[in-house]
1. Return the pairs, sorted by first residue and then second, in which the second residue is part of a loop (DSSP other than H, G, I, E, B) and open to solvent by less than 70 Å² (accessible area, probe 1.4 Å), the first residue lies in the stretch B:32-51 and is on the phi > 0 side of the Ramachandran plot, the beta carbons are less than 8 Å apart, and the residues are 6+ apart or on different chains.
2. Scan the stretch B:9-32 for residues that are within 7 Å of another protein chain (Cβ to nearest Cβ) and surrounded by fewer than 16 Cβ atoms within 10 Å (Cβ to Cβ) and report the count.
3. Using beta carbons and a limit of 7 Å, which pairs, at least six apart or on different chains, have the first residue in the stretch A:27-49 and closer than 20 Å to residue A:112 by Cα and the second one at pLDDT below 70 and open to solvent by 10 Å² or more (accessible area, probe 1.4 Å)?
4. Can you name every residue in the stretch A:375-406 that is in contact with a helix residue (DSSP H, G or I) (Cβ under 9 Å, 6 or more places away or on another chain), not hydrophobic (A, V, I, L, M, F, W, C) and not in a loop (DSSP other than H, G, I, E, B)?
5. If only one of A:20, A:40, A:77, A:93 is of a type outside the set (Val, Ile, Thr), on the phi > 0 side of the Ramachandran plot, at pLDDT below 90 and touching a strand residue (DSSP E or B) at 6+ places or on another chain (Cβ under 7 Å), which one is it?
6. List pairs: first residue in the stretch A:1-26 and outside the structural domain of residue A:104 (by TED's automatic domain parsing) and open to solvent by 90 Å² or more (accessible area, probe 1.4 Å), second residue at pLDDT below 60 and hydroxyl-bearing (Ser, Thr, Tyr) anywhere in the structure, Cβ distance under 9 angstrom, at least six positions apart or on different chains.
7. Take residue A:210 and decide whether it is more than 11 Å from chain B (Cβ to nearest Cβ) and either of a type in the set (Phe, Trp, Tyr) or surrounded by fewer than 12 Cβ atoms within 10 Å (Cβ to Cβ) (or both).
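The values are calculated or read from the model by the stated rules, or taken from the named source; none is laboratory data. Since we're looking at a predicted model, the values are computed, not measured. As a convention, Cβ positions derive from the backbone with ideal geometry for all residues, glycine included, and neighbour counts pool all protein chains shown. Quick note on the areas: whole protein, heavy atoms, side chains included, nothing else; ligands and nucleic acids left out. Shrake-Rupley method; radii C 1.70, N 1.55, O 1.52, S 1.80 Å.
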Amino acid sequence: MDGDKPATPKVQTFKCLQCGSPISLRGLLQTTRVVCSRCGTVIDISDENMRIIGRFKERPTVKPAIPLGSRGAFPDGVFEAIGFMQRFITVEGVDYRWREYLLFNPFKGFRWLSEYNGHWSYIKTVMHQPRVLHIFGDGSITFKGSVFRHFQSANAKVEFVIGEFYWRVEAGQSCLVQDYVNPPQILSMERTSNEITWSLGEYVEPQEIATAFKLTTPLPARIGVGVNQPSPLVQQGESLKGLTALFLGIAISIQLISLAMSDNALVFQRNFLFNAAATEKSLVTDLFELSGRTSNVMVCTKADVNNNWLYVSMTLINDETGTAYDFGREIDYYFGSDSDGAWTEGSQTDEAILPAVPAGRYYLRIEPDGPASTRYLVSVYRDVPQWWPFLITTGLLLVLPLAVFWRRRSFEYQRWSESDHPMAKFGSGDDE
Amino acid sequence: MIRFFSIFGTLVLALFAYATYRGTSFTSYDEIKDVPKSIRDNPGVYRSVYARYPHK
């Protein structure tokens, strides 16, 4: 018989020695103990003379989301749910409970399904011994070439149990549990006084569990982020990282080419004196040549203003076409001192950049205004390299990657919040 | 999301390349066509919209 097909039912039935409820045995000869789902009585069936060996103090109050006896199809075979238990750990006075389902296939053996806060893992016992890593300093381990980071160590106790088990399950039974994660996998070690067991779990979407067991009742709703839940943004984040690097590389190349190719040529420079008492203040400059392709023009004005201002209305006029670029600039510079010490405000220098000015012969019409006569220097530069378009481009290209990074980090922050190694929040400077 | 970012990034880079080539600026200015030739001889005939005239 193929192990991938449902096992032929070989169910033995007997009555509970305590309450008389029917109890089914599905684990064949591997079952050693069975717990009555009605009264919680633990019955030892390892020998022919069945006997009661204990009873859970509290009757089971949690109904398994997967009914015992139901079968589920998994990639490595069809397994039947034969046992259910709830365990808990206590951390800082708070109990954290999770549920485990023992699955059985007569040809494949046992598997576990673990459910915590609606997050499911499909678990298989492994024989391979992981190796401790010291580089992280948190007890992380490697298993078959993958690094698993230590998540939590705690003493787990059995709260209640129903169904069959292949070991001597008892109420209050405890063991040390250590979890290591490498999403979507989780590696768990359980140590009792006489044995150490390692098991490897894989995160399973709740919908897959419902489909595998053909469940009609809804599974527990997912709460928060599962211990080994894969981040939905990991794949996208990696692709985004490569694309962002490519785009930034192109942007840097464009900027470097721009810096290298720009003329940044001084095409006109002259000192002027603004006479506040003059009747006609406007003047024109000599003609100057703007050559090359259509590019920008920077008009730089430096005025000897001290605790004063100068307003300059300027017009860059193409002498051949009559096209004019009209703009106004204010230069003000104030300084002094007060109880906080010396202060300054404004600047004696101003730079105005006109975009996309075609080549040609130009002159400036300048009309200054101000409260006092002032000397000022006007310089005109052609094809000036700029940094702000590059900075804006870089900012725009980083918005989405940073948002994804923030969401990924937020996801991991939630994951690790219940671990022994919680992540620090942004800006706390105490990251793990 | 990758498709969106590919298109978005390409557009941003194209815009950046164009702005870098042509020159761009936040300077507020007006472009006026066919200003009179007489400005060269008599600058006072032109009145800029950016000129500041004192209130009297």
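1. What qualifies is B:34/A:322; B:34/A:323.
2. Looking only at that region, the number is 4.
3. Listed pairs, sorted by first residue: A:28/A:10; A:37/A:60.
4. Result: A:389, A:393, A:394, A:401.
5. Among A:20, A:40, A:77, A:93, only A:40 is of a type outside the set (Val, Ile, Thr), on the phi > 0 side of the Ramachandran plot, at pLDDT below 90 and touching a strand residue (DSSP E or B) at 6+ places or on another chain (Cβ under 7 Å).
6. So the pair list comes out as A:1/A:8.
7. Values: more than 11 Å from chain B (Cβ to nearest Cβ): yes; either of a type in the set (Phe, Trp, Tyr) or surrounded by fewer than 12 Cβ atoms within 10 Å (Cβ to Cβ) (or both): no.
Criteria not met by residue A:210.
Conditions tested, residue by residue: (1) surrounded by 14 or more Cβ atoms within 10 Å (Cβ to Cβ); (2) among the charged types (D, E, K, R); (3) touching a strand residue (DSSP E or B) at 6+ places or on another chain (Cβ under 8 Å).
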{"position": "A:237", "(1), (2), (3)": "yes, no, no"}
{"position": "A:244", "(1), (2), (3)": "yes, no, no"}
{"position": "A:255", "(1), (2), (3)": "yes, no, no"}
{"position": "A:268", "(1), (2), (3)": "yes, no, yes"}
{"position": "A:281", "(1), (2), (3)": "yes, yes, yes"}
